[in-house]
Structures are given as structure tokens and as C-alpha cells.
Amino acid sequence: MIKKVFSGIQPSGSLHIGNYFGAIKQWVPLQDDHDCIYGIVDYHAMTVHYNPEELQKRVLDAAVAYLSAGLDPEKSILMVQSEVPEHTELTWILNTVTPLAWCERVPTFKDKVKQNRDNVNIGLLDYPVLMTSDIIIYKSEGVPVGKDQIPHLELTREIVRKFNSTFGDVFPEPQPIICEGALIIGLDGKQKMSKSLDNCIYLSDTPDVIKKKISTAVTDTRRQRKTDPGVPEECNIFSLHKLLSTDEQRKYCHDGCTSASIGCFECKNILSENLIEELAPFQEKRNYWEKNTEEVKEILTEGGKKARDIACQTIQEVREKVGLWQC
């Protein structure tokens, strides 16, 4: 049975509804039955060009989003990756057992190389090893992931097997906890919602901005006029209806689209209203946390101490297994 859980998000910019529906919202119910650690993985954000002056602000923004979504520091450990240096120590140790070819085959590495041709650094290549350390430094047994992320977790499991077979059993092989709705396509209708691709609806967007963004989002490109029937199963907007709309609303939009009795405008309006209603409690809580950032910092400081206590025990065990100097 899975008891210990770890997951995290990069503070690489404002969080969007893909982060919310695909990750944070899925994490909230896990707190009730699991020992959860939720990290803000700031080392990962350093693998692409970033503004050092903004990084701490982004960490704070991510923490505000965690708390606003319902992550409870009384139930979970909320922490910042760089506050626990054992993450990077374990990464170096894992590097010595991880074949280069394993990292080179990761699809996200190839994608990042295309997006950052002027900054192809070792961190981009080593990203999955650091990710493995993030998970197993706490001996996590489960990781919330979308189906598209399962190959990444399988690499973590391979690294764990390689370490355990080389030095002796230390780490459990983390199992995927499948999160429905984890793959949220962006407003361009082509690629996963991403800050770097500027195809997002941000959690901080006002109702007017949300309506405007959805009104211009790509739908079924074969449907040029209202009188053209559409294929909802291939429409990005309809995929969001599956997350946000009632069964009755989904049926209305599906039947109206396939019969051309309603246009995309009406379909988008229904979605906009539902998304605004969904995010209202989040945004209300966010207003509170944004006014109480010192409390947020205290939560992160306390969470960092708890996380490091666990990580120090693990790294001591690892040091003994691999034969590092002991005083």
C-alpha cells in the first residue's frame, strides 16, 4: 500500500490551470490518507534562462498557489527544494550509477534542447536524475502523475533498481498515482499548456481575461462556420468541458456541436462561466495569502526543517552503503 507521496512544481512563472487541474487539485485529497511532501523545485527552474531577482518571488507565488488550492501544512509538508541540500548530494551519487544513454533518451530533454538551443546545459540532461532524488530522498512510494508522465517515472524506477542492485536495498520503487485530467492542452489546441509557449490561462487571470482568452482559443479547425458540424472529441475546448461542466452541459455542447445547432461562441461562454466559478474560491484564498506572505514564509521554513530531517536520515544511510568517509 502506498503511504509516502512526493510531488512538486517548478517556480518558473505564474501557475496556470494546467498546473491546477493536472497536479495541485489532484494532490489535495491525497493529504487525508497519505504522508505527503509537496515541493517547490527551484533547482529545476535554473536549467533554462531565468531572472535571479524574480526566482524568490516565483517560489513565494507557487507557495501561495499551493495554500490557496487547499494544501494544508497541518496535513502535508510544504517545502522548497533548495532548502534541503541533500537533494543535490543524492543527485551526484545517483549520477555515478545512471548511464548517460538513459538521460539522453528522455523525450523532454530533446524538447528542451529544441526550445533552448543557446543554453543546452548539463542541467537539462541531468534533470531526470535530480527529479529521481527529489522523490526517493524521502523514500516516497507513490508519485501523482499524468499518463504522459509515466515514462519519466519509469526512469526513476530504473535508477532505483540500479542503485539497489549495486549497493544494496535502500529505496522503494515509487509507483505512479494516476491523475485524471493531468494533460491539459493549451489555448493553441496543439501542445500541452505551458508558460514558455504562452498558451495558458493563469490562475491569477481575472474573469474578463479568462473570457477573452477562451473566446480566442483554437477549437475544431474544420468547423469554420456555425453551420458546419464539429467533432467535439477532437476539440480542445470540449476537453476542458469534461473537467468543468455538468453532464447536462457536456451533452448540450456535444449534441449542439455535432448537429451545428450551436456555435463555438456559445460553447466557449459556458466553459468560461464554469471556469470562473471553479476558480473563485481559489482566488479568494489567494487574496488572503498574498496579504500574509510572512505566514507563507513561516510555513515553508517549518516545512523545510521537517523535510530535511527525513532527507538527512536517508542520506546517512546512502553514505554508509556507498562507502563515503564517516568520521
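The values are calculated or read from the model by the stated rules, or taken from the named source; none is laboratory data. These numbers were taken from a predicted model, which means no experiment stands behind them. Positions of Cβ are backbone-derived with ideal geometry, glycine not excepted, and every protein chain shown enters the neighbour counts. Each accessible area value is taken on the protein alone, full model and side chains, heavy atoms only, with ligands, DNA and RNA left out. Shrake-Rupley method; radii C 1.70, N 1.55, O 1.52, S 1.80 Å.
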Task: Relative contact order of the range 116-191, defined on C-alpha pairs under 8 angstrom at six or more residues apart (%) - done: 37 percent
Task: Loop trypsin sites (Lys or Arg not before Pro), the range 241-279 (other Cβ atoms within 10 Å of the site Cβ: 15 or fewer; DSSP) - done: none
Task: Candidates Leu240, Leu67, Leu15, ranked by Gaussian network fluctuation over the chain, Cα under 10 Å, top entry - done: Leu240
Open item on the list: Step by step: find N for the range 128-187, compute 2.2 N^0.38 Å, then divide the Cα radius of gyration by it. What's the final number?
Closed with: 1.22
Open item on the list: Using C-alpha positions alone, give me the convex hull volume of the range 159-294 per residue in cubic angstrom.
Closed with: 177 Å³
Open item on the list: Defining a contact as two alpha carbons under 8 Å apart and six or more residues distant in sequence, what relative contact order in percent does the chain show?
Closed with: 23 percent
TODO: Send over a whole-number figure in Å² for the accessible area per residue of the chain, probe 1.4 Å.
DONE: 50 Å²
Task: Globularity ratio of the chain, using Cα Rg and 2.2 N^0.38 Å - done: 1.07
Open item on the list: If I take every Cα pair under 8 Å that is 6 or more residues apart in the range 126-256, average their sequence separation and divide by the length, what percent do I get for the relative contact order?
Closed with: 18 percent
- [ ] Loop only per DSSP, at most 13 neighbouring Cβ atoms within 10 Å: give me the GluC sites (Glu not before Pro) in the range 103-210, ordered by residue number.
- [x] Glu180
Task: Rg/Rh (Cα only; Kirkwood hydrodynamic radius) as it applies to the range 1-143 - done: 0.96
TODO: Run through all the Cα pairs of the range 106-207 and give the fraction in each 10 Å bin from 0, expressed as whole percent.
DONE: 13, 34, 34, 15, 3, 0
- [ ] Compute the distribution of all C-alpha to C-alpha distances in the range 118-162, in bins of 5 Å from 0, and list the percent of pairs in each, rounded to whole numbers.
- [x] 5, 19, 29, 23, 14, 6, 2, 0
Task: Cα long-axis angle, helix 52-69 against the chain (0 to 90 degrees, to the nearest 10) - done: 70 degrees
